[in-house]
1. In nm, to one decimal, how far is the Y39 label point from the F199 one, both placed 7 Å along Cα→Cβ?
2. Too long at a 19 Å Cα-Cα cut-off: which of K43/K160; K91/K160; K37/K160; K43/K77?
3. Which of the peptides 180-186, 97-103 is most tightly packed, and how do the rest follow, going by the mean number of other Cβ atoms within 10 Å of each residue?
4. Which length gain, in nm to one decimal place, applies between L17 and M135 when the Cα-Cα distance is subtracted from 0.36 nm times their residue separation?
Amino acid sequence: MTAEFLKGIICIFLVWLENDRSINRVILLINKEIYNKPYDTMKLAIPSGLYAIQNNLLFIALSYLNAATFQVTYQLKLLTTALFSVFMLRKKIEKCQWFSLFMLAIGVALVIWPIPDESNKRLTAQNQAAWLQQMMGFCAVLVSAVTSGFAGVYFEQILKTGPTSVWVRNIQLAIFGTIFGLLIVFYFDYKTVMDKGFFHGYTTIVWIVIFLQATGGLIIGTVIKYADRNIRIFATFLSILFLSVISYFVLHDLTPTLFFYIGTMCVLTATFLYAWGKPIVTLWTTNQLRI
């Protein structure tokens, strides 16, 4: 919720810069595009609600999956974004890209495939509980990838149907995101908020995460604008490699198996092949549209 509110502030600041740093022009623009167009503004409630669901599902997924497995499996958002682009925006995907999406799905399946140790082949209650937790984490990632793909493509479709700027649309998203976030907070943590205050537990690290969450889309948009495909692909490779190293050497929550290595290579190769094909609406595009 705090990240969504901060996103709204950032977008208002960008609108202010676009309008010659005039507060009056910003107020008039927001009044014209948001307050005087309630039906048009309400369209953003759908993707905003989906993003709120997605963010909470990601927290659930990270509770049950290690960082490396999460990062690899969450690449499924590329698959869902591509599929929704085909069905909703009538985009065309080349055969090579269809093959890469199939490879992506196979790679994710291999990453989460349970491989018991030789000394631990019997299905004990503890092993079964661990497997169920992993499946819960993966289901959270899967639903999150679906909501992310649909919301991103839906948001792009809205942007293409009118002259409203992307920053104003992001302000509308932030408004609903803040509202949905507040509802979730008070539904699950009403007593804690009332007893200890809204910002209880907000440490320096939490504020850093909030800031990165709020500005991450803007940074991605800048990378898309000024960097070529090689840099973007390399960034995906590097993020997965970095998280794998951190999980194994620092957090000690990753025990890579042969299937994990093969699956990760499939996911990385699929990402490379998909990005190298004919440009269509991709996850990078939808991230540029929503900061």
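Just so you know, all these numbers are worked out from the coordinates, no wet-lab data involved. On a predicted model such as this, the values are computed, not experimentally measured, just so you know. Note that we place each Cβ from the backbone using ideal geometry, even for glycine, and neighbour counts take in every protein chain shown.
1. In this crude label model, Y39 to F199 measures out at 4.2 nm.
2. Values: K43/K160 13 Å; K91/K160 14 Å; K37/K160 17 Å; K43/K77 22 Å.
The answer is K43/K77.
3. Numbers: 180-186: 16.3, 97-103: 17.9.
The packing order, highest mean first, is 97-103, 180-186.
4. Details: separation 118, 0.36 × 118 = 42.48 nm, distance 4.63 nm.
That works out to 37.8 nm of additional length.
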